[in-house]
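Peer 1: Pasting in a structure now, in structure tokens, and then I'll have a few things to ask.
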Amino acid sequence: MSNLRLALILIPVLALVACSDSKAKKKPPSPPVPVVTAKAEARDIPVELKVVGRAEAFESVTIKSRVDGQVASVHFTEGQHVKQRDVPIRLDPSDYSARLAQAEGTAVRDSALLAKTRADTQRYSALRERNFVSEEKVNDIRTNEAAATANQKASAAAAEVARLQLSYTTIRAPISGTVGARLVFPGTSVKVNDTVLAVVNRPNPLLVAAPIPEKHLPRLRAAMKNGGLPVDVNPPNDRSQTFRGSVRFIDNAVDAATGTVLIKAELANPDEKLTPGQFLNLSLILETLKDAVTVPNEAVQQGADGNYIYVAKEDGTAENRNVQVLAAYEGYSAIGKGVQLGETVITDGHLRLTPGAKIKAKGAGEGEKKKDNADAAQQSDSKKKN
């Protein structure tokens, strides 16, 4: 009786298991993942480095007075272009003119005394030959002549110093360039080598200084040895204006705090569209990778172990490979290892991909066609609404 009850219980259970197994066996396989593919091709890829730098004047001079005094007149306007030796500022020369007159008078007096002592020396030397005076007297006269000569030289030097100081009251532009803000006015007291009178910057040509990561230093030096390193400069958020220059300077030490080395590029700025102190974007081509294996940038994905790519195999499955990206330029990435020339890589459809998954390649053109059709449909709907 117990065996009969057990059989009656097991029969429905076994039937249910059999039905579930049959359903599982009848479950259809997962459909292939639609993807867009592209071929790995050979291209020349420039190794481009983009950094942010700051413009510097080719020459910059802070004008200060070489004498104490008072500003008599200012002969420039803010932002004016001046040439070398122009006179933007004059100091009151009255005091220094009087000092020069005094020094010149002293020099004339000492010249007259020198002429007298020379005549005395000649006269007493002639008298000594006739034994009319002693040798000691002649020596005294010669000493007076030497002292008069020294006095005359000192007074002439003092007159020259006074003449120079008078000339320093005329402030001249040491370089050609643009004058900055007006800092002094007539009547302003000026202290020697202390009071800033004006700042003159030469913006053409222009220098652009930028820090470069030290890992690029070997390529920088190699490019400099091969005839110079060109650089393209753009103002921030304005790529319509591009200024071409070249790197002229690489610093002799790496900044230990930032791990960067300073470079300076020189570029023409005839219209002065760029201003010293302005932030600028720099683009440098360190080298060009010849016939590099390249894939579209969309094919390169980021993972926990670095960059990887899905490769479409001949059996219709996707293979995950870690790759080394050497450089990226204008939509293409140069692959150092991980992908061979001519292999097919997946550029779209990564979201549903897993290693070994079945795939169905649509081709890059099909995706573009669908996009164009969608855009056309959107335009047609907008016209109907209007």
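Since every read-out is calculated from the coordinates, none of them should be taken as a lab result. Computed from a predicted model, the values in this text were never measured in an experiment. Every residue, glycine among them, receives a Cβ derived from its backbone with ideal geometry; neighbour counts consider all protein chains shown.
Peer 1: Taking only C-alpha pairs under 8 Å that are 6+ residues apart, what is the relative contact order of the chain in percent?
Peer 2: 28 percent.
Peer 1: Also: So, how do all the Cα-to-Cα distances of the stretch 302-356 break down into 10 Å bins, in percent, from 0 on up?
Peer 2: 21, 58, 21, 0
Peer 1: Enter the angle in degrees (range 0 to 90, nearest 10) between the Cα long axis of helix 2-26 and the first principal axis of the Cα atoms of the chain, meaning the one along which they spread out most.
Peer 2: Value to nearest ten degrees: 50.
Peer 1: Still on this structure, please answer the following. If packing is taken as the average number of other Cβ atoms within 10 Å across a peptide's residues, how do 87-100, 120-133 rank, most packed first?
Peer 2: 87-100, 120-133
Peer 1: Expressed in whole Å with the largest first, what are the equivalent ellipsoid semi-axes of the stretch 152-201 derived from the C-alpha gyration tensor as the square root of 5 times each eigenvalue?
Peer 2: Largest first, the stretch 152-201 gives 29, 14, 8 Å.
Peer 1: Could you give P(r) for the stretch 175-301, binned at 5 Å from zero, as whole percent values over all Cα-Cα pairs?
Peer 2: The calculated distribution, bin by bin, is 2, 8, 14, 15, 14, 14, 12, 8, 5, 3, 2, 1, 1, 1, 0.
Peer 1: Over all directions, the average projected area of the alpha-carbon convex hull for the chain comes to how many nm²?
Peer 2: Averaged projected hull area, Cα only: 47.7 nm².
Peer 1: Considering only Ala268, Gly336, Pro32, whose Cα is most displaced toward the positive end of the charge dipole of the chain, charges sitting on Cβ of Lys, Arg (+1) and Asp, Glu (-1)?
Peer 2: Result: Pro32.
Peer 1: Going by C-beta contacts inside 10 Å, put Leu351, Leu284, Leu183 in order with the fewest on the left.
Peer 2: Result, fewest neighbours first: Leu351, Leu183, Leu284.
Peer 1: Once each part is reduced to its C-alpha centroid, what is the distance from the stretch 102-177 to the stretch 240-284 in angstrom?
Peer 2: 58 Å
Peer 1: I've got another one for you. Between 0 and 90 degrees, rounded to the nearest ten: what's the tilt of helix 364-385 against the longest Cα principal axis of the chain?
Peer 2: The angle comes out at about 90 degrees.
Peer 1: Would you please put 44-50, 355-361 in order of how densely packed they are, using the mean number of other Cβ atoms within 10 angstrom per residue and starting with the highest?
Peer 2: Taking the mean over residues of other Cβ atoms within 10 Å, the ranking is 44-50, 355-361.
Peer 1: Moving to a separate point now. Given 4 °C and 1.567 mPa s, how large is the Stokes-Einstein diffusion coefficient of the stretch 200-241 in µm²/s, with Rh as the Kirkwood radius over Cα pairs?
Peer 2: So the translational diffusion coefficient is about 100 µm²/s.
Peer 1: Which value, in debye to the nearest 20, describes the size of the charge dipole of the chain about its Cα centre when Lys and Arg Cβ atoms bear +1, Asp and Glu Cβ atoms bear -1, and nothing else is charged?
Peer 2: My answer is approximately 940 debye.
Peer 1: With unit charges on the beta carbon (Lys/Arg positive, Asp/Glu negative), name the residue among His81, Gly306, Ala173 whose Cα is farthest towards the positive pole of the charge dipole of the chain.
Peer 2: Toward the positive end, the furthest listed residue is Gly306.
Peer 1: Two decimals is fine: what's Rg over Rh for the stretch 98-141, C-alpha atoms, Kirkwood radius as Rh?
Peer 2: 1.28
Peer 1: Just to be sure I understand: if I project the alpha-carbon convex hull of the stretch 136-231 onto a plane and average over all orientations, what area do I get in nm²?
Peer 2: Average of the hull's projected areas for the stretch 136-231 equals 15.3 nm².
Peer 1: Structure shown: which of Lys215/Lys337; Lys116/Lys191; Lys64/Lys215; Lys191/Lys273; Lys50/Lys83; Lys337/Lys358 lie over 31 Å apart, alpha-carbon to alpha-carbon?
Peer 2: Beyond 31 Å between Cα atoms: Lys116/Lys191; Lys64/Lys215; Lys191/Lys273; Lys50/Lys83.
Peer 1: In debye, nearest 20, what is the charge dipole magnitude of the stretch 216-308 about its Cα centre with +1 on Lys and Arg Cβ and -1 on Asp and Glu Cβ, if you could check?
Peer 2: 320 debye
Peer 1: Then there is this: Could you tell me what a quarter of the Cα convex hull surface of the stretch 114-179 works out to, in nm² with one decimal place?
Peer 2: In nm², the orientation-averaged hull projection of the stretch 114-179 is 6.2.
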